[in-house]
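The values are calculated or read from the model by the stated rules, or taken from the named source; none is laboratory data. Everything numeric here is computed off the predicted structure, so don't read it as measured data. All Cβ positions, even for glycine, are placed from backbone atoms using ideal geometry, and neighbour counts span all protein chains on display. The protein model used for the area step is the full one, side chains on, heavy atoms only, and it has no ligands, DNA or RNA in it. Shrake-Rupley method; radii C 1.70, N 1.55, O 1.52, S 1.80 Å.
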Amino acid sequence: MGSVTTYSIEAANKFIRDSKHLVRQDYRLTYHLMAEYGWMNDPNGFVHYNGEYHLFYQHYPYKPVWGPMHWGHAVSRDLVHWTYRPVALAPDTAFDRGGCFSGSAIEKDGKLVLMYTGHVVTGPDNNQDYKQSQGLAISENGIDFEKYEGNPVIGYDEIPAGVSVKDFRDPKVFERNGNYYVVLGSNDAKGNGLVLLYRSEDLKQWTFVNVLAKSDGTLGDNWECPDLFPLGDKDIFMLSPQRMPAQGEQYRNLHSTMYMIGSFDPEAGTFASERNAQVDHGFDFYAPQSTVDHLGRRIVIGWMDMWETAMPTQEGHHWAGAMSLPREAILDGDRILFQPIEEIKAARHNAFEQSGISLDGIFGMPVTGDSYELEVEFEAGDALAFGLKLRVDDAGKEETVLTYLVEEGLLCLNRDRSGIGPGGERRAAVPLKSGKLALRIFVDKSSVEVFAGDGEVVMTARIYPAPESQGIRLFSKGAAYVRQLKKWDIR
Ligand code: FRU
């Protein structure tokens, strides 16, 4: 189709309807959310509303590349199976004509209110010349949204001194002590990411409270997609720092995700951080957003990709971008455990189980697949290393390798031979528990997510193996033991 100059929800929905038959299936995921057609990035407006989970997402429906942002929309009752709803927002007003950027959702008086960033381009350089402000869109039925005529509700003229005049985005709105609050990502225009806090009684009139937190020079030059929520008896500040410098094996992607555990003082607008850690230790996890559901669970979902990384489905497949598996965040002392949502167990089919495997070298499993869960417990024994090879072809050339280095106490995810996507290795410290390592691994057509232990470390990666590469192998260097391995197809 030609160039689209005027965007509307109707045009977007019609285009998707007319084009979705073109989408190639090879790498389409079985149990992860993707755009029906075109491009997807950040999760937006994650909320449980009127008996369903709603998940919106950054969406350019016309091509599998980033473009003027719309909000795609899907709903689910179990966080595993999703149904598409019409596009919720298009960049069709003066305030958001350059894009409806990331934001969040909250229920007010039975209505579903979205708060998001209106992006406008102000000069010839798209990457430099822009302004951002915050607006609302309101729905009575959770499907059709009307933009508030008073947008913006926080204009770029309300950015405090000492803060970037252009990076001002990704409102995450929440209620605390009878007030609404919103956190917004920005930087100090000198290379330090920061987050701003505003307060409101009605979601329409907002007052700046404080700079809630700021990088000390080591935590990235701009902060995107901030989130602030209570967990157990603590408060969690979750953020996506851009260009954060690596710390040893950690924070090795272009952009990172981090959580800080501490306490939030809404009156003063301060966050006292006690400890911080990486949310996900793999390659492809960014801009996570959380919601608390009707069961009181805090659920986190992220964009399962990374900026400026090759995405093989952009050529000829008509889609790009996916969401991670939703994860339940559980406070455990001074850390967060991220566990696959319980509902995934109801999507298990074709159970397979094998116990007591003595490993010394390579061991081929009699089961294969491209959309499954593995639950495996290793005993390190005398081995120097042990692990699994996933998505292996018959020749053993294509493989995605998960290795545990016993001496180093490191879990390593290597995708150098994973197919046509980008390669590389990520490593994370995972101590053995009484000499054992428990893993839950979720493989989908073009992804792998590894949950170690009780979820103290999660590693996520997109991989693009050939469809026929479906083998599963165990291996060790030296004698190790697999107490038990279980596998289920996930549908
Ligand atoms: C994060 C992000 C957000 C922005 C959106 C634009 O991935 O850069 O800061 O709102 O994507 O699509």
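Take the solvent-accessible surface of the protein heavy atoms, probe 1.4 Å, and return the percent of it on the range 29-79 that carbon and sulfur atoms account for.
That fraction is 48 percent.
Run lengths n ≥ 4 of DSSP H only: what is the helix-derived mean residue ellipticity at 222 nm for the chain, with -39500 (n - 2.57) per run over all residues, to the nearest 500?
Calculated at 222 nm, the ellipticity per residue is -500 deg cm²/dmol.
Per the Kirkwood definition applied to all pairs of different Cα atoms, how many angstroms is the hydrodynamic radius of the range 72-148?
13.6
Contact order normalised by length for the chain, with contacts defined as Cα pairs under 8 Å and 6 or more residues apart; what percent is it?
Once normalised by length, the contact order is 13 percent.
So which aspartates and glutamates can Lys20 reach, going by Cα to Cα under 12 Å and dropping same-chain residues fewer than 8 places off?
Correct list for Lys20: Glu36.
For Trp66, what accessible area in Å² do you get when you roll a 1.4 Å probe over the heavy atoms of the protein chains, rounding to the nearest 10?
For Trp66, solvent-accessible area is about 110 Å².
Starting from 0 in steps of 10 Å, tell me what percent of the Cα-Cα pairs of the range 303-373 lands in each bin.
Taking all Cα pairs of the range 303-373, the binned fractions are 13, 25, 31, 28, 3 percent.
Hey, what does the equivalent ellipsoid look like for the chain, semi-axes from the Cα gyration tensor as sqrt of 5 times each eigenvalue, largest first, whole Å?
Whole-Å semi-axes of the equivalent ellipsoid: 38, 26, 20.
Rounded to a whole number, what % of the accessible area of the range 124-262 do carbon and sulfur atoms account for, probe 1.4 Å?
With neighbouring chains kept in place, the figure for the range 124-262 is 42 percent.
Return, ordered by residue number, the residues of the range 353-387 whose backbone nitrogen is under 19 Å from a label point located 7 Å along Cα→Cβ of Glu407.
361, 380-387
Which of the peptides 348-354, 252-258, 176-182 is most tightly packed, and how do the rest follow, judged by the mean count of other Cβ atoms within 10 Å per residue?
Taking the mean over residues of other Cβ atoms within 10 Å, the ranking is 252-258, 176-182, 348-354.
Ratio to report: Rg/Rh of the range 382-473, with Cα atoms as the point set and Rh obtained by the Kirkwood method; give two decimals.
My calculation puts Rg/Rh at 0.97.
Taking Cα pairs under 8 Å and at least six residues apart, what relative contact order does the range 1-132 come out at, in percent?
This gives 19 percent for the range 1-132.
If we sort 235-248, 152-165 on the protection proxy, mean other Cβ atoms within 10 Å, highest first, what's the order?
Descending mean neighbour count gives 235-248, 152-165.
Enumerate the lysines that Lys345 could reach by cross-link, defined here as Cα to Cα under 18 Å, with residues fewer than 8 away along the same chain left out.
Straight-distance partners of Lys345: Lys486, Lys487.
Post the alpha-carbon centroid distance, the range 436-491 to the range 91-149, in whole angstrom.
39
Over the chain, average the accessible area per residue using a 1.4 Å probe and give it in Å², no decimals.
38
State the extension gain, in nm to one decimal, for the chain segment bounded by Leu331 and Arg483, taking 0.36 nm per residue of separation less the distance between their alpha-carbons.
The span from Leu331 to Arg483 would gain 51.9 nm if fully extended.
Expected output is a single nm value to one decimal: the length gained when fully extending between Glu315 and Lys397, i.e. 0.36 nm times separation in residues minus the C-alpha distance. What is it?
Going from the current span to full extension adds 27.1 nm.
I need the peptides 478-484, 290-296 ranked by packing, meaning the mean over residues of other C-beta atoms within 10 angstrom, with the highest value on top.
Ranking, from highest mean packing down: 478-484, 290-296.
Under a plain spin-label model, where a point goes 7 Å from the Cα along Cα-to-Cβ, how far apart in nm are Arg24 and Glu249?
3.5
The range 269-324 to the range 346-363: how many Å between their Cα centroids?
29
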